[in-house]
Amino acid sequence: MRRLCLANRIIIVLSHVGEHMMAATRRLVRNILDARLTRSLIESEPAWMIFRKLPPSTKHGLRMLLQRAFQTPSEASFIPIQGELWEGPLLSVIVPCRNHGQYICDAIGSIEAQTFKGFEVIVVDDGSTDDETLRVFDELRHSGFTVLKLDGVGLAEARNHGILAAKGKYICCLDADDMLEPTYFEKCLRLLESNPGITFVYSHLKTFGDTHEVRLAEPFNLRTLLYHNYINATAIFRRDAWQVVGGFDPLMEGYEDWEFWIRLGKSGRRGELIPEILFNYRRHGHSLLDRSRKKHKDLVARIRRNNAELYSHPERIEEISRSYRNYVVSNPLLNLNAQSAYRKEKK
């Protein structure tokens, strides 16, 4: 539909072309749009001979429309800004854990194996009673990790407490039984640092443990997100956005991440998909997701109450989409490069 509208607008621009050239120019435009050629190919001979014969005003109009035809929303209308140096860890990784001592070392190991090293790890003990888990917490403390102790407040509130103690510009919440691919932090942070118009970044995932399957996420679309959660809980997001929307809803005893992504979307913020499998979701026994599905109806009802205006006024979604802005940072690697120095100082 978008390409059809662009083709129609191009034809309107070309209405100023002489009738003797109209048929040939129409064919050129159709071939350009159908083949999705780049401008460098478009400008090759002999097709571009037609362009050279156009009046200056028509040339300009055609050039602008063709540029739009080959831009994606994430490439169009960038606003230049200057990056700022972040003091301290760029990323805070929050690891809530309740009696998952047998798995948490795998999760921590996948964090330590990241190609990007400018992070801090905050483990949140949410009322664990298992002796093995408590022993692992002691080992983590002795190794220099921050371990917060709570009294079984639930996953949403455990994440919130961890984020309150965080120093990072960005947050990643990794459940204690899951794992990450080594380039996850680096790839997410490159996107976030390059374009402040993006609030959170996520990827495809694969399961391991009891099942082995690939689950493909979808490109961010707020309307789709209202009815289907395709964003995994370990998406990396901006800490200031978490603060603005009030954090995770502690009354969501399941689907807390889904509700959080919707609330971010309602506030005018958007996500970006990395089309790679960078997150590993462990399936074992009766998981929290399984328990959430048993309360699906009640949980969805609360999501709808928290975000009622989006469900009752779908035109609001179009308004939000039109408000999206993209930025290009003049020095996008400033903080990514500086973080190596942060890790050396910490040691």
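Here are the numbers for this structure:
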read-out	value
Cα shape, the stretch 143-273, gyration tensor, a/c 1.5 rule	rounded
Sorted by Cβ neighbour density within 10 Å, fewest at the top, the residues 204, 284	284, 204
Share, in percent, of DSSP beta bridges within the stretch 91-329 that are antiparallel, nearest 5	25
Over 18 Å (Cα to Cα) - which of 117/187; 169/206; 117/167 fall in this group	169/206
Stretchable slack from residue 321 to residue 115, in nm (0.36 nm times residue separation minus alpha-carbon distance)	70.8 nm
Relative contact order computed over the stretch 119-244 (Cα-Cα under 8 Å; 6+ residues apart), in percent	24
Distance between modelled label sites at residue 167 and residue 79, nm, 7 Å Cα→Cβ extension	3.1
Euclidean distance of C-alpha centroids, the stretch 232-274 and the stretch 195-226, integer Å	13
Largest-first principal axis extents, alpha carbons of the stretch 91-329, Å	53, 42, 34
Inter-site label distance for residue 224 and residue 139 at 7 Å from Cα along Cβ, in nm	4.1
Low-density loop cleavage sites - chymotrypsin sites (Phe, Trp or Tyr not before Pro) in the stretch 92-136, where at most 12 other Cβ are within 10 Å (DSSP)	none
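Every number here is computed from the coordinates shown, using simple stated rules; none is lab data. In this text the structure is predicted, and so the values were computed from the model without any measurement. Glycine also receives a Cβ, built like all others from the backbone with ideal geometry; neighbour counts cover every protein chain displayed.
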